[in-house]
1. Test Gly306 against the criterion of being open to solvent by less than 20 Å² (accessible area, probe 1.4 Å) and modelled with pLDDT of 90 or more, and give yes or no.
2. Of the conditions (1) in a helix (DSSP H, G or I); (2) more than 24 Å from Ala343 (Cβ to Cβ); (3) among the aliphatic types (A, V, I, L, M), Met132 satisfies every one except a single condition; which number is it?
3. Evaluate the following for Val284: is it at pLDDT below 90, hydrophobic (A, V, I, L, M, F, W, C) and open to solvent by less than 10 Å² (accessible area, probe 1.4 Å)?
4. Picking from Thr251, Thr226, Thr237, which residue would you name as being within 20 Å of Ile108 (Cα to Cα) and in contact with a Cys (Cβ under 7 Å, 6 or more places away or on another chain)?
5. Could you please give the count of residues in region 287-303 that are outside any helix (DSSP H, G or I) and open to solvent by 20 Å² or more (accessible area, probe 1.4 Å)?
6. Please indicate, with yes or no, whether at least one residue in region 114-122 is part of a helix (DSSP H, G or I), of a type in the set (Gly, Ala, Ser) and surrounded by 24 or more Cβ atoms within 10 Å (Cβ to Cβ).
7. I'd like the full set of residues that are surrounded by 24 or more Cβ atoms within 10 Å (Cβ to Cβ) and either modelled with pLDDT under 85 or closer than 19 Å to Ala318 by Cβ (or both), limited to region 41-71.
Amino acid sequence: MITATSRNAFSFPMLVSGFIAVLVGYSSTAALIFQAAQAAGASPEQIGGWLSMLGIGMGLASFGLSVWTRMPILAAWSTPGAALLATSVQGLTLNEVVGVFVATNALIVLSGVTGLFARLMNHIPQSLAAAMLAGILLRFGIGTFTGLQGNFALCGSMCLVWLLSRRWLPRYAIILALIAGVLVAVGQQAIHFPPHALTLSVPEFIMPQFTLASLIGVGLPYFLVTMASQNAPGIATLQAHGYQPPVSALTGWTGFIALVLSPFGGFSVCIAAITAAICMGEDVDADPKRRWMASAIAGIFYLLTGFTGALIAILLSALPQVLIATLAGLALLATLSGSLQRALAEPDHRDSAIVAFLITASGISLLGIGSAFWGLIGGMITHLVLSHRARA
């Protein structure tokens with residue numbers, strides 16, 4: 001019999017699950033955040049501030065929403081969104097990039113308040129959103145293995161450890177690949193800490209600047225991939241575990257937290273999917289009504305990592321670029337394969353999906369607008385023309 005006291009007491013498995021969820025979240029895609037911030041023109045000190053804001057934002061969302069809903073609500077940054085930023089913000093100023101953060105998160109809040117997202121996605125086939133995301137991630141997938149030519153020992157050891165770990169320890173594959181890469185880099189004396197290694201950075205306010213080209217070319221695709229490829233799977237993960245979360249409220253609150261933190265680099269706070277599943281299994285607690293405490297504990301760990309964001313940035317800046325690129329690529333392989341599968345699952349949508357995929361992957365820029373937007377437009381035009389032909 002479960003007493004009131006036992007329902008409110010946390011256990012060691014909850015503590016472990018919360019810690020692992022945060023560890024997997026940071027170690028798997030923090031390198032991608034570093035690449036995106038570098039592409040945006042952020043300095044090492046600013047990158048440290050960005051990571052701090054992300055940790056604080058995810059910690060507040062995870063702890064607050066879990067306590068409020070009594071469900072294992074775990075927050076995350078938008079991994080697909082970070083991938084898009086890393087490949088799409090070249091040529092924009094840092095102020096314009098922050099403007100994209102502010103505008104996108106404001107749109108996410110609006111979606112949560114009005115239900116706009118659900119209605120919008122009814123008009124955009126999921127296959128096209130998945131194809132656009134696959135086109136964004138393709139360059140990361142290719143980058144996983146290009147390091148074999150320049151540093152075979154480092155890249156090859158990481159790929160081998162990842163492959164073996166996927167066979168026997170799939171949950172820890174990225175962490176073990178990171179450890180293998182660091183050990184090889186230490187042996188090669190390839191880790192070089194910058195002169196500011198012992199300094200801590202304070203998050204810096206950056207005045208947002210809004211331009212039509214950046215909002216259409218980066219902001220709109222960023223909004224779509226964040227909602228369709230991060231928030232939607234996060235909600236689906238909760239529902240698959242038997243929970244009925246308040247979708248609009250979760251979308252609105254996570255978007256609001258990100259909106260407040262956007263000028264300081266907190267570009268994204270979303271509903272987690274993969275890492276959230278770590279806090280939802282039976283090994284956390286036999287009673288599903290108690291598992292929310294694992295994600296609340298994860299929120300506390302996120303807050304702690306938020307205060308050490310500068311140290312994480314320093315560590316990443318000391319690592320070889322080939323290690324960062326290989327790690328980011330390995331972390332996104334499952335997302336890439338899943339996106340391709342969803343894009344091509346419907347036979348009637350394959351032509352439009354492949355058009356969207358190829359245009360996005362091409363990296364073209366027309367009228368100052370990036371390829372992700374044109375991939376979506378090209379896919380929609382193809383879909384409309386071919387669906388009209390099919391009806392005729």
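The values are calculated or read from the model by the stated rules, or taken from the named source; none is laboratory data. The model shown is predicted, which means the values in this text are computed figures rather than measured ones. A quick note on method: Cβ atoms are made from the backbone with ideal geometry, for glycine too, and the neighbour counts reach across all protein chains shown. Calculation scope for accessible area: heavy atoms of the full protein, side chains included, ligands and nucleic acids excluded. Shrake-Rupley method; radii C 1.70, N 1.55, O 1.52, S 1.80 Å.
1. On the way: open to solvent by less than 20 Å² (accessible area, probe 1.4 Å): yes; modelled with pLDDT of 90 or more: no.
The answer is no for Gly306.
2. For Met132, the failing item is (2).
3. Numbers: at pLDDT below 90: yes; hydrophobic (A, V, I, L, M, F, W, C): yes; open to solvent by less than 10 Å² (accessible area, probe 1.4 Å): yes.
In short, yes.
4. Values: Thr251 fails: in contact with a Cys (Cβ under 7 Å, 6 or more places away or on another chain); Thr237 fails: in contact with a Cys (Cβ under 7 Å, 6 or more places away or on another chain).
Thr226 is the lone residue from the list that is within 20 Å of Ile108 (Cα to Cα) and in contact with a Cys (Cβ under 7 Å, 6 or more places away or on another chain).
5. Keep residues of region 287-303 that are outside any helix (DSSP H, G or I), which gives 287, 291.
Still in the list and also open to solvent by 20 Å² or more (accessible area, probe 1.4 Å): 287.
Of the residues in region 287-303, 1 are outside any helix (DSSP H, G or I) and open to solvent by 20 Å² or more (accessible area, probe 1.4 Å).
6. Keep residues of region 114-122 that are part of a helix (DSSP H, G or I), which gives 114, 116-122.
Checking which are of a type in the set (Gly, Ala, Ser) leaves us with 118.
Cutting the leftovers down to surrounded by 24 or more Cβ atoms within 10 Å (Cβ to Cβ) gives us none.
Checked region 114-122: no residue is part of a helix (DSSP H, G or I), of a type in the set (Gly, Ala, Ser) and surrounded by 24 or more Cβ atoms within 10 Å (Cβ to Cβ).
7. Passing the criteria: Ile47, Gly48, Gly49, Trp50, Leu51, Ser52.
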